[in-house]
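Below is one structure, written out as structure tokens; comments come after it.
The values are calculated or read from the model by the stated rules, or taken from the named source; none is laboratory data. Note that the coordinates shown come from a computational prediction; the quantities given were computed from them, not determined experimentally. Because the Cβ atoms are built from the backbone with ideal geometry, glycine has one as well, and the counts that use them run over all protein chains shown. Quick note on the areas: whole protein, heavy atoms, side chains included, nothing else; ligands and nucleic acids left out. Shrake-Rupley method; radii C 1.70, N 1.55, O 1.52, S 1.80 Å.
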Amino acid sequence: MLPMTIADMDIATPDFVLDAMRSVLDDQVLGYVAPSHDFYQAFIHWEAVRHSVQLTRDQIILASGVVPAMAFAIRHLTATNDRIVVMAPYYTPYEKIVTGNHRQFVAFPLKEIDGQYAIDFEALEDVLAVANTTAMVICNPHNPSGRVWTLPELQRLQSLANKYNILVLDDEIHDDTTPPQNYPISMLSKLMAPDKVAKTVMFKAPTKAFNMAGSKVSFMVTRHPELLATLKDAAAAEAFEELNTMGLVGAQAAYEKGAEWLDAVNGYLAENCEHLVTTLKETTRIVPMSPRPRISLGWISGPMACQKTN
């Protein structure tokens with residue numbers, strides 16, 4: 001049995017990350033370390049260059065991981081018994097952090113069209129319109145299918161969220177591990193028209209892309225003033241932003257020095273994916289689901305109906 005999980009790669013954590021961690025050990029004192037200006041700037045620069053997301057330091061809240069950060073946001077930005085919508089199939093911990101915090105977990109089934117998942121926006125609107133529905137989880141690329149949502153799809157999701165005053169919990173942890181021709185668009189990208197991106201909280205970490213999940217570091221980001229104030233106050237009250245020293249130095253090294261390494265890894269992974277798809281088609285009856293958007297959006301009624309994916 002060959003497990004093909006997504007949390008860790010067989011590719012080793014890059015040397016520039018390990019070297020940064022070793023330099024801390026060489027000091028022979030594992031004391032308190034506060035996140036530096038350069039630490040924040042490394043993440044801000046990465047998001048601007050790789051994802052067209054413009055951030056400031058005060059819009060960022062640190063966390064030990066994306067799942068704990070999402071649970072934190074659910075506790076402080078929604079109320080007991082609120083309905084939270086999650087696209088199904090879904091990453092299993094989503095359900096745990098929703099029900100564990102005494103909210104209603106609403107699984108919204110994706111439709112399979114031409115061997116690939118798609119969103120039935122009319123059905124989704126009906127779900128979002130139900131009373132006491134206050135939040136929606138968007139995972140891009142989608143976990144577990146790997147489906148990369150297109151700009152028209154993301155814009156329509158945001159439009160529905162604005163219409164029904166829905167909090168968008170935007171998990172982008174896997175957005176760095178995709179080939180350039182299939183690069184995801186962030187919900188906070190300037191392509192999304194920032195003036196229309198309302199109640200959105202983005203969750204991001206270097207841990208998947210650089211195979212350093214054990215270092216426990218992630219970022220929670222929002223531009224919404226009221227959401228930001230609530231999260232900042234809660235984080236201060238709970239000492240939520242105190243992170244592992246190795247996570248701090250490892251993340252900074254990854255974002256400062258990792259672009260060339262990651263491009264090479266993504267190219268290698270893309271070749272592996274193509275080889276796997278070809279082999280399965282030629283030697284088995286297994287039909288793999290491609291992460292690349294290849295379906296027409298024409299089956300969807302509404303303002304995006306005439307637009308097609310690449």
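Residue by residue, here is whether (1) open to solvent by less than 70 Å² (accessible area, probe 1.4 Å); (2) part of a helix (DSSP H, G or I); (3) at pLDDT below 90 holds:
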| position | (1), (2), (3) |
| --- | --- |
| Pro206 | yes, no, no |
| Phe240 | yes, no, no |
| Asp263 | no, yes, no |
| Cys273 | yes, yes, yes |
| Val277 | yes, yes, yes |
| Arg285 | no, no, no |
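Evaluate the following for Lys196: is it of a type in the set (Lys, Arg), surrounded by fewer than 21 Cβ atoms within 10 Å (Cβ to Cβ) and modelled with pLDDT of 95 or more?
The answer is no for Lys196.
Look through region 216-274, keep the residues that are among the hydroxyl-bearing types (Ser, Thr, Tyr) and more than 18 Å from the chain's Cα centre (by Cα), and return whichever of them is farthest from Lys199 (Cα to Cα).
Tyr268
Return the total of residues in region 77-91 being within 24 Å of Ala229 (Cα to Cα) and either of a type outside the set (A, V, I, L, M, F, W, C) or modelled with pLDDT under 95 (or both).
Total meeting the criteria: 5.
Considering each residue of region 117-148, count those that are closer than 20 Å to Thr92 by Cα and not aliphatic (A, V, I, L, M), and give that number.
10
Ala69 - would you say it is in contact with a strand residue (DSSP E or B) (Cβ under 8 Å, 6 or more places away or on another chain), of a type in the set (A, V, I, L, M, F, W, C), at pLDDT 95 or above and assigned to a helix (DSSP H, G or I)?
Yes, satisfied.
Which of the residues that make up region 107-118 are surrounded by 18 or more Cβ atoms within 10 Å (Cβ to Cβ) and without any contact (Cβ under 8 Å) to a residue 60 or more places away in the chain?
Result: Phe108, Leu110.
Residues in region 178-204 that are out of contact with any helix residue (DSSP H, G or I) (no Cβ under 7 Å at 6 or more places or on another chain), in a loop (DSSP other than H, G, I, E, B) and closer than 18 Å to His142 by Cβ: how many? Spell out the reasoning first.
As a first pass, look at region 178-204 and keep what is out of contact with any helix residue (DSSP H, G or I) (no Cβ under 7 Å at 6 or more places or on another chain): 180-184, 188, 190, 193-195, 200, 202, 204.
Retained after the next criterion (residues that are in a loop (DSSP other than H, G, I, E, B)): 183-184, 188, 193.
When the remaining residues are screened for being closer than 18 Å to His142 by Cβ, the result is 183-184, 188.
Selection size over region 178-204: 3.
Only residues in region 1-27 that are within 21 Å of Lys257 (Cβ to Cβ) and among the aromatic types (Phe, Trp, Tyr) count as the first member; pair them with residues that are open to solvent by 50 Å² or more (accessible area, probe 1.4 Å) and at pLDDT 95 or above, Cβ under 6 angstrom, at least 6 apart or cross-chain, and list the lot.
Correct list of pairs: Phe16/Lys257.
Leu77 passes all but one of (1) farther than 21 Å from Ser145 by Cα; (2) touching a Phe, Trp or Tyr at 6+ places or on another chain (Cβ under 8 Å); (3) in contact (Cβ under 8 Å) with a residue 40 or more places away in the chain; which number fails?
Going through the list (1) farther than 21 Å from Ser145 by Cα; (2) touching a Phe, Trp or Tyr at 6+ places or on another chain (Cβ under 8 Å); (3) in contact (Cβ under 8 Å) with a residue 40 or more places away in the chain, Leu77 breaks only (2).
Which of the residues belonging to region 1-32 are among the β-branched types (Val, Ile, Thr) and either touching a Gly at 6+ places or on another chain (Cβ under 8 Å) or surrounded by 15 or more Cβ atoms within 10 Å (Cβ to Cβ) (or both)?
Start the filter on region 1-32 by keeping residues that are among the β-branched types (Val, Ile, Thr), which leaves 5-6, 11, 13, 17, 24, 29.
Correct list: Thr13, Val17, Val24.
Looking at region 130-149, is at least one residue more than 13 Å from the chain's Cα centre (by Cα), under 29 Å from Ala253 (Cβ atoms) and crowded, with 21+ Cβ neighbours inside 10 Å?
no
Name, by its number, the condition in (1) assigned to a loop (DSSP other than H, G, I, E, B); (2) open to solvent by less than 10 Å² (accessible area, probe 1.4 Å); (3) not basic (Lys, Arg) that does not hold for Tyr90.
(2)
Name the pairs: first residue in region 150-175 and in a helix (DSSP H, G or I), second residue of a type in the set (Asp, Glu), Cβ to Cβ under 6 Å, at least 6 apart or on different chains?
That search, which allows pairs on different chains as well, returns Leu160/Glu125.
Looking only at region 213-238, which residues are assigned to a helix (DSSP H, G or I) and open to solvent by 40 Å² or more (accessible area, probe 1.4 Å)?
Result: Gly214, Pro225, Glu226, Ala229, Thr230, Lys232, Asp233, Ala236, Ala237.
Can you tell me which residue is farthest from Met136 (Cα to Cα) among those in region 92-126 that are at pLDDT 95 or above and of a type in the set (Phe, Trp, Tyr)?
Once the filter is applied, the top-ranked residue is Phe121.
I need the full set of residues from region 43-65 which are open to solvent by 10 Å² or more (accessible area, probe 1.4 Å) and aliphatic (A, V, I, L, M), in order please.
Across region 43-65, the qualifying residues are Ile44, Ala48, Val49, Leu55.
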